[in-house]
Amino acid sequence: MTSLIASELRKLRTIRGPWLLLAAGPVLVIVGVAGELAGGADLTQPQTASHAVAHAGVVSLLALIFGITAVAGEYRHQTITDTYLATPRRGRVIAAKFTVHTTIGAVFGLLLAVTAVIATALAITANGDSLDLSNRDLWRTLAGGVACNAAFAAIGVSLGALIPNLAAAIATALAWIALVEGLIGELIDDLEPWLPFASGQALGRLPGAPDISQWAGGLLLAGYTVVFAAIALTTSVRRDIT
Amino acid sequence: MRTIQPTPISVHGLTKQFGRLRAVQELTFDVRPGQITGFLGPNGAGKSTTLRMLLGLVRPTAGAALIGGQPYRSLPHPRRTVGAVLETTGAHPGRRARDHLRILAQVTGVPDGRVAEACDQVGLAEAADRRVGGYSLGMRQRLGLAGALLGDPSVLLLDEPANGLDPAGMAWLRGLLRDLADEGRTILLSSHLLSEVAQTVDQVVIINQGRLRFAGPLDDLGDLEASFLRLTDAHQPSLKDLP
């Protein structure tokens with residue numbers, strides 16, 4: 001397993017695409033924080049700072065796409081054949097990908113959280129005020145954002161394993177977030193807070209999050225992550241590679 | 001010269017059903033070590049599917065595909081026993097060839113030093129630090145072959161290995177495969193280039209519509225192209241049969 005994890009890390013180290021994708025994260029956080037605080041927001045309200053740092057969670061969309069490339073990217077470039085020839089027990093390959101991509105998702109989330117705090121503090125200081133670091137909501141939002149990034153990276157790995165066509169997997173993810181979940185919510189009102197993206201919103205305390213607690217959101221999202229992973233493992237082991 | 005563990009390939013009653021399509025039907029043949037065996041058949045005959053079942057990439061509906069008496073999935077160090085280049089063996093275009101081979105060396109379980117050796121063996125030493133995106137088809141074939149040879153395997157399964165090679169490249173490949181077979185390795189290669197096959201192989205396995213048509217020495221067939229066309233004549237519609 002150690003050698004499989006080392007191999008996954010080597011795969012990531014030797015291409016540029018994933019890093020360019022993740023490099024967009026801090027930039028988007030800074031833009032998001034600036035947008036939140038510039039538009040005449042009341043900077044004396046502790047809530048404002050929490051909303052600003054929540055952008056660390058918003059950007060977990062990138063972690064999701066990063067995760068999708070783990071398996072679907074190997075199909076796209078036809079390296080999956082060599083990968084499975086080296087390790088015919090495919091479950092081990094997928095498990096190594098979960099380990100590596102989830103860890104990188106968490107580290108990415110941490111980087112975003114740090115960026116968000118610094119950007120928020122700078123913006124508030126520039127306004128002649130100072131960021132209240134004793135605000136518990138702030139830290140809970142940041143912790144939720146980090147967890148969101150780890151979870152969505154893992155969900156991405158599952159999604160890419162279930163839909164090995166890279167473009168289709170990314171399109172499905174975006175359509176789900178932008179469209180499908182909202183439509184389901186409109187059809188069945190009570191269901192909306194319990195859907196995967198909504199639970200992520202609750203965990204990351206994003207603006208517009210459904211009315212469930214952060215803990216409930218976190219547990220739900222963890223549940224979804226595990227269920228998707230189990231489905232991805234079973235289908236990957238059985239799939240014919242043609 | 002290192003001693004190669006003689007590793008025969010044995011296909012017995014192998015069948016694969018994709019939905020309603022019977023891609024491979026009760027296929028039985030053996031491939032001997034120390035020889036080059038050509039695996040021939042028209043497009044869609046089931047060659048790739050058979051190779052994929054031998055490699056554990058496709059699950060057989062029935063029958064067995066064994067390498068040294070074991071299914072691929074049970075081999076303790078699969079890439080050190082079997083080297084394979086399939087049509088769908090690829091590399092990330094943004095990755096340097098040397099990095100691609102290092103990744104393979106790691107999962108093959110051989111030291112990084114093998115990468116330079118394999119590059120030399122296939123004539124890629126000069127180009128190894130370039131990104132694969134800039135490679136020609138012939139260079140990609142060589143890269144695939146280098147990956148297959150990393151583990152110094154006793155079996156080679158090659159799907160259309162001459163694809164994209166220029167005449168000099170084909171002559172080089174022929175010599176390489178002969179040397180590898182003379183060391184005692186088992187080599188099974190599929191190809192559509194019958195004149196090239198006639199110069200390369202010792203044994204021939206011909207399939208058509210998923211069924212075995214011939215298995216035996218090349219010399220038993222006389223003219224390979226004439227025999228191939230006769231054995232695989234699958235009621236191809238001629239122009240006058242069309243409405």
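Can you find, within segment B:76-104, the residue that is farthest from residue B:143 (Cα to Cα) among those that are more than 8 Å from chain A (Cβ to nearest Cβ) and surrounded by fewer than 23 Cβ atoms within 10 Å (Cβ to Cβ)?
Checking each candidate, the answer is B:76.
Considering only residues that are more than 9 Å from chain A (Cβ to nearest Cβ) and not in a strand (DSSP E or B), look in segment B:56-70 and name the one that is nearest to residue B:127 (Cα to Cα).
Once the filter is applied, the top-ranked residue is B:68.
For segment B:182-208, what are the residues that are touching a strand residue (DSSP E or B) at 6+ places or on another chain (Cβ under 9 Å), surrounded by fewer than 21 Cβ atoms within 10 Å (Cβ to Cβ) and not acidic (Asp, Glu)? Walk me through it before giving the result.
Here is the first cut: in segment B:182-208, the ones touching a strand residue (DSSP E or B) at 6+ places or on another chain (Cβ under 9 Å) are B:185-192, B:194, B:197-198, B:200-207.
In the following step, the residues that additionally are surrounded by fewer than 21 Cβ atoms within 10 Å (Cβ to Cβ) were identified as B:191-192, B:194, B:198, B:202.
Residues satisfying the conditions are B:191, B:192, B:194, B:198.
Just name the residue that is nearest to residue B:183 (Cα to Cα) out of those in segment B:17-36 that are within 14 Å of chain A (Cβ to nearest Cβ) and in a strand (DSSP E or B).
Let us first name the residues in segment B:17-36 that are within 14 Å of chain A (Cβ to nearest Cβ), namely B:17-19, B:21, B:23-24.
Narrowing further to those that are in a strand (DSSP E or B): B:17-18, B:21, B:23-24.
Working: B:17: 37, B:18: 38, B:21: 39, B:23: 34, B:24: 32 Å.
Among those residues, the one meeting the criterion is B:24.
For segment A:131-189, which fully contained helices (runs of 4 or more DSSP H) count at least 3 residues that are modelled with pLDDT of 95 or more and farther than 14 Å from residue A:105 by Cβ?
Working: elements: A:136-162, A:166-175, A:181-187.
Once the helices (runs of 4 or more DSSP H) in segment A:131-189 are filtered for at least 3 residues that are modelled with pLDDT of 95 or more and farther than 14 Å from residue A:105 by Cβ, what remains is A:136-162, A:166-175.
Going residue by residue through segment B:96-119, is there one that turns out to be in a helix (DSSP H, G or I), within 22 Å of residue B:174 (Cβ to Cβ) and in contact (Cβ under 8 Å) with a residue 12 or more places away in the chain? Give the steps one after another, and end with the answer.
Taking segment B:96-119 first, the residues in a helix (DSSP H, G or I) are B:97-108, B:113-119.
Narrowing the set further to residues that are within 22 Å of residue B:174 (Cβ to Cβ) leaves B:117-119.
Pick out the ones that are also in contact (Cβ under 8 Å) with a residue 12 or more places away in the chain and you get B:118-119.
Yes: segment B:96-119 contains one or more residues that are in a helix (DSSP H, G or I), within 22 Å of residue B:174 (Cβ to Cβ) and in contact (Cβ under 8 Å) with a residue 12 or more places away in the chain.
Is it fair to say residue A:120 is away from every other protein chain (no Cβ under 14 Å), surrounded by fewer than 22 Cβ atoms within 10 Å (Cβ to Cβ), among the hydroxyl-bearing types (Ser, Thr, Tyr) and closer than 28 Å to residue A:216 by Cβ?
Values: away from every other protein chain (no Cβ under 14 Å): yes; surrounded by fewer than 22 Cβ atoms within 10 Å (Cβ to Cβ): no; among the hydroxyl-bearing types (Ser, Thr, Tyr): yes; closer than 28 Å to residue A:216 by Cβ: yes.
No.
This table checks each residue for (1) modelled with pLDDT of 95 or more; (2) out of contact with any Leu (no Cβ under 7 Å at 6 or more places or on another chain); (3) surrounded by fewer than 18 Cβ atoms within 10 Å (Cβ to Cβ).
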position: A:26; (1), (2), (3): yes, no, no
position: A:34; (1), (2), (3): no, yes, yes
position: A:42; (1), (2), (3): no, yes, yes
position: A:47; (1), (2), (3): no, yes, yes
position: A:66; (1), (2), (3): yes, no, no
position: A:78; (1), (2), (3): no, yes, yes
position: A:99; (1), (2), (3): yes, yes, yes
position: A:102; (1), (2), (3): yes, yes, no
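For residue A:3, are the conditions met, namely being touching a residue at least 24 places away in the same chain (Cβ under 8 Å) and facing another protein chain (nearest Cβ under 10 Å)? Spell out how you get there, then give the answer.
Values: touching a residue at least 24 places away in the same chain (Cβ under 8 Å): no; facing another protein chain (nearest Cβ under 10 Å): yes.
When the stated conditions are applied, residue A:3 does not pass them.
When you scan segment B:37-49, how many residues do you find that are within 14 Å of chain A (Cβ to nearest Cβ) and under 22 Å from residue B:224 (Cα atoms)?
Initially, segment B:37-49 is screened for residues within 14 Å of chain A (Cβ to nearest Cβ), giving B:44, B:46-49.
Next cut, under 22 Å from residue B:224 (Cα atoms) only: B:44, B:46-48.
Residues that pass the stated criteria total 4.
Filtering segment A:175-216 down to residues that are free of Cβ contacts under 8 Å to residues at least 12 places away in the same chain and within 15 Å of residue A:144 (Cβ to Cβ), which residue is farthest from the chain's Cα centre (by Cα)?
We begin by selecting, within segment A:175-216, every residue free of Cβ contacts under 8 Å to residues at least 12 places away in the same chain; these are A:175, A:178-180, A:182-184, A:186-191, A:208-209, A:213, A:215.
Those still in the list that are within 15 Å of residue A:144 (Cβ to Cβ) too: A:208-209, A:213, A:215.
On the way: A:208: 17, A:209: 16, A:213: 19, A:215: 17 Å.
Checking each candidate, the answer is A:213.
Do we have any residue at all in segment B:157-167 that's in contact with a helix residue (DSSP H, G or I) (Cβ under 8 Å, 6 or more places away or on another chain), within 24 Å of residue B:69 (Cα to Cα) and not aliphatic (A, V, I, L, M)? I'd like the intermediate steps shown before the answer.
Of all residues in segment B:157-167, those in contact with a helix residue (DSSP H, G or I) (Cβ under 8 Å, 6 or more places away or on another chain) come to B:157-159, B:161-166.
From what is left, the residues that are within 24 Å of residue B:69 (Cα to Cα) are B:157-159.
Applying the additional criterion that residues be not aliphatic (A, V, I, L, M) yields B:159.
Yes, that holds for at least one residue.
How many residues are more than 10 Å from residue B:210 (Cα to Cα), hydrophobic (A, V, I, L, M, F, W, C) and under 16 Å from the mean Cα position of the chain (by Cα) if we restrict to segment B:1-48?
Residues flagged as more than 10 Å from residue B:210 (Cα to Cα), hydrophobic (A, V, I, L, M, F, W, C) and under 16 Å from the mean Cα position of the chain (by Cα) within segment B:1-48 amount to 7.
The values are calculated or read from the model by the stated rules, or taken from the named source; none is laboratory data. For clarity, every value in this text was computed on a predicted model and none was experimentally measured. We place every Cβ from the backbone using ideal geometry, glycine too, and count neighbours over all the protein chains shown.
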